[in-house]
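The values are calculated or read from the model by the stated rules, or taken from the named source; none is laboratory data. Predicted model, so just to flag it, every value in this text is computed and none were measured. Note: ideal-geometry Cβ built from the backbone for every residue, glycine included; neighbour counts use all protein chains shown.
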Amino acid sequence: MLDFLLSSDAILALLTLTFLEIILGIDNIVFISIAANKLPEHQRNKATNVGLVLAMVQRVVLLFFVSFLIGLSEPFYTHESNWLSVALSWQAIILFAGGLFLIYKSTSEIREKVEFPSHGEDSLKSKAFKSLSHAITQILIIDFIFSVDSILTAVGMTNGLHPNTDYTLVLMIIAVVISIIVMIAFANPIRKFIDRNPSMQILGLAFLILIGFMLITEAAHLSHTEFFGKSVGAIPKGYLYFAIAFSLFVEFLNFKIKKKKVKA
């Protein structure tokens, strides 16, 4: 096994997979940061770190059920009519439910921040323990959604890398552990930055709405959904990440301009 892990193909696959796991985990960090920032200050670091550790545990556990995950893509129900054709699978249902959950949570959070901008720490103090468990529960749910997507990506990348699936399993576990360690190192600074800049909170929530919509369309694509003979295509993730990067760049420019005005 050591010879395989030290081979050039395995090292390249490990670096690529680790990078992809970190990229796929960015939206997870955004959600965890927003959920943790609703807690009292002394509980936020704990919620963030617990959320990411749970993400690592879930992904490692799911890796041991790779064959089960692959089986989730097999349709268990098909429907065909004049205007709708769909082949439902559990994988598509998980992604669809996750997309709806993200859109619901994000829009409700945006509504709360717009209509009740001063609502926050005072109301949280009276229910700190309940809020911590509630936040971790929500983080655990969304971790599962992102974990399924992340693990399926890892399985697709390492497919055929070695005839012994145990070797590729170890490679995927190493990539997941490294990516989570990197995310834990940067998660709290990102969370604090989001908390200090309200506009970044709204932007992060908007990203989650976009990601939720992408999950729904991906679920429709995996279900081979057709409306009036037109199939639903997958949205390339590169488009999504470019939109996020461009929006962050614009927000960074706004942040620099505001900072210069304050100094002046």
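Which of the residues spanning segment 34-47 are closer than 20 Å to residue 202 by Cβ and not basic (Lys, Arg)?
Within segment 34-47, 34, 35, 36, 37, 39 meet the criteria.
May I ask you to list the residues in segment 204-246 that are surrounded by fewer than 20 Cβ atoms within 10 Å (Cβ to Cβ), of a type in the set (A, V, I, L, M), touching a residue at least 40 places away in the same chain (Cβ under 8 Å) and out of contact with any helix residue (DSSP H, G or I) (no Cβ under 6 Å at 6 or more places or on another chain)?
206
Rundown of residues vs (1) within 23 Å of residue 214 (Cβ to Cβ); (2) modelled with pLDDT under 70, yes/no style:
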{"site": "116", "(1), (2)": "no, yes"}
{"site": "140", "(1), (2)": "yes, no"}
{"site": "160", "(1), (2)": "no, yes"}
{"site": "170", "(1), (2)": "no, no"}
{"site": "175", "(1), (2)": "yes, no"}
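Out of curiosity, is residue 184 touching a residue at least 40 places away in the same chain (Cβ under 8 Å), touching a Leu at 6+ places or on another chain (Cβ under 7 Å) and in a helix (DSSP H, G or I)?
When the stated conditions are applied, residue 184 passes them.
Are there helices (runs of 4 or more DSSP H) fully within segment 1-91 with at least 3 residues that are at pLDDT 80 or above, closer than 23 Å to residue 212 by Cβ and hydrophobic (A, V, I, L, M, F, W, C)? List them.
41-63
Take the residues in segment 187-200 that are more than 14 Å from residue 32 (Cβ to Cβ) and either among the polar types (S, T, N, Q) or assigned to a loop (DSSP other than H, G, I, E, B) (or both); name whichever of them is modelled with the lowest pLDDT.
Ranking the candidates gives 197 first.
Residues in segment 247-256 that are of a type outside the set (Phe, Trp, Tyr) and in contact (Cβ under 8 Å) with a residue 40 or more places away in the chain: how many?
Total satisfying the criteria: 4.
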